[in-house]
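Note sheet for the following structure.
Please treat every number below as a calculation from the coordinates, not as lab data. Values in this document were obtained by computation on a predicted structure and should not be read as measured data. Positions of Cβ are backbone-derived with ideal geometry, glycine not excepted, and every protein chain shown enters the neighbour counts.
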Amino acid sequence: MRPSYALLNNPQLTVGIMPEPISTNDGFLESGPSMTIKDECFLVPGPVKMSQKTLESMSHPVITARGNEYRDIIAELNGLLRVAFNLSKTSFKRGEESFRGDDGYSVIVVSGSGTAAMEMVIANRFSKNDQILVPTNGKFGERVAKITNVFSNAKELKFGWGKSFDLNELENELKSGNYDGLAFCHNETSTGITQNAAEIGDLAKKYNVALIIDGITSVGGLPVHPSKWGAEAVVVGAQKCTAGPSGLAAIAINDSFTHAVKNKQEKGDMVPTYYLNFLSALNKASDDQTPWTPAINLTIGWVSSLRELNEEGLENRWIRCEKLSNGVQRLFTDLGFALFADAKQRSTTATAIVYPEGIDDKWRTRLAEIYKTHVIGGQDHMKGKMFRVGSMGTTTYDEMIEGCKRMIACFSDFGLKLPSLNVESYFK
C-alpha cells in the first residue's frame, strides 16, 4: 500500500494509509449503480441547490425597477442581508433606510457575481497610490490579489494551497508601515480552509490598515463578525451560503470605508468607475433603489432564500453547516482518505478530499451520471487530484448522508476496498 497523494505532497497532513484500487480497468464500470438511486444529491459548494419556494418566487411577473413594489423588495432584501452579514437589525420596510444600521455599517446590493462586488470594493477604496497586502492559500485568494493589483499595488503573500497563514509573517510585513490595506479570502473553497479572521483583524487594527474581506463563501454559512473584526468591507455571493440565485452579490461597508472613498473623490484620486461606482450605489440605496437596472427576478429569489435563513436563524445555520462538514471530514478520514487543508483551520462549508492513487475525475463523472450525486473537482494544479463536498445553504442531514453513501459505493465500483462504516453515526 502507498500513502495518498496529499501525504506525499503535504507532510503536515496527518492521515491514515489509503488502500490502492484493486483495478484500473474500466471494464467493470459498465454496470449500473450498486445501490438504489432515487432523488439527486447536490453537494456542490456553490452554486448550491435552491429551495422550491425560492425557484417559484423568481417566476414573479415583470415589474418596473422604479416603482414602490420593487422598492419594497429592495428594502426587505437590505434588511435580510444585514441579518446574513451578522450586523445590527433594521426595518424591512421601504422608506426606513433598512440598508443602514446603528453599528456604522451599510449594505449595498450588486447586480453581478461576488467577483464584481470585490472589484467594486477594491476599485472604489484604493488607487495606484496604495499598497495592499494580500495573503493567499488558494485560487480565490489569488483572484483577490489579481483584482487588487489592477486598481492598486498588491503584494501577494503566498502560503501554499491549503496551508494556514503564518500570522508572524503577516505582522512582519505590516510593521514595515508600507501598507494601506489588507485584503484576503476568508473561506477558501478551492482548498477547504478558513482563515483566522479575528487575529488578522487584530493585526489590521494594530497597524492601522483597511481590512477588506472576501466573504463570498462564508457569510451566512459560518461565523462572520464584521464589526468585531474591524472590517471596512465584506462581500457575499448570493449563490453560496445563503442559497440564492447566481449573479447577485452584496457588500457590507462601514463608515470608515465611505469616508475614505469620499475623501479620494475630493482629492481626485479615485479610479474611474461607472457601473460599479460605490457612491452612486450608496446614494440610491437611501431611496431603496439601485443606480442601474437591477436583476429584478433574481433579487426576488434572494429575498425568498434569505427569509429561509432568517427563519432558521443565522447561528443555527452556522451550527448545521459545521455538523455536516464535521461528519464528512470524520467519515472520509476514517475511510482512509486525506483531507487537503491544514487540520486546525478546515472549512465548515466546503471539504477538500484527495483522491487515492489510481482514481481521478472519472469517479466524479460516474458519481454524477450513475449515482445522480454532484460534487466538484479540484482546480488548477489540483484538477483531477481531489474533489470538494459542499455543506452550505439548505443542505439537509438526510441528503448529505445519502450522498456520502453513494460516494462510497461509487469508489467501490472503481475497485477501492473501504472499511464498512455506519454513515449515519457520523452526522448525529
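In table form, for the structure just shown:
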quantity	calculated
For segment 94-106, Karplus couplings with θ = phi - 60° (6.51, -1.76, 1.60), whole Hz, Gly/Pro x	4, x, 10, 6, 5, 6, 10, x, 7, 8, x, 10, 10
Prolate/oblate/rounded call for segment 342-428, Cα gyration tensor, a/c under 1.5 rounded	rounded
Fluctuation leader among Arg317, Arg66, Arg364 - the chain, Gaussian network, Cα springs under 10 angstrom	Arg66
Antiparallel %, DSSP beta bridges [both residues in the chain], to 5	55
Under-5 Å amide H pairs with Thr373, H placed in peptide plane, nonlocal only	Cys41, Ala368
Estimated [θ] at 222 nm from DSSP helical runs (n ≥ 4, -39500 (n - 2.57)) normalised by residues in the chain, nearest 500	-11500 deg cm²/dmol
Rounded to the nearest 20 debye, dipole of the chain from Cβ charges on Lys, Arg, Asp, Glu	160
Relative contact order of segment 140-203, defined on C-alpha pairs under 8 angstrom at six or more residues apart (%)	38
At q = 0.06, 0.11 Å⁻¹, base-10 log of I(q)/I(0) for the chain (Debye sum, equal scatterers on each alpha carbon)	-0.26, -0.83
Sequence of Leu77, Leu335, Leu298 once ranked by neighbouring C-beta atoms within 10 Å, starting from the fewest	Leu298, Leu335, Leu77
Sequence-distant lysines (8 or more away, or on other chains) whose Cα lies within less than 25 Å of Lys206	Lys128, Lys155, Lys158, Lys163, Lys175, Lys228, Lys262, Lys264, Lys344
Antiparallel DSSP beta bridges within segment 63-312, percent to nearest 5	45
Part-to-part distance (alpha-carbon centres) for segment 191-268 and segment 128-175, which is given in Å	15
Segment 63-312: relative contact order as a whole-number percent, Cα under 8 Å and 6+ apart	26
Sites Thr365 and Lys206 - FRET efficiency at Förster radius 30 Å, r taken between beta-carbons, to 0.05	0.05
Among beta bridges that DSSP assigns inside segment 182-332, antiparallel share in %, nearest 5	50
Shape call, segment 278-428: gyration tensor on alpha carbons, a/c limit 1.5	prolate
Cα-based shape type of segment 63-312, given that a ≥ b ≥ c are square roots of the gyration tensor eigenvalues and the cut on a/c is 1.5	prolate
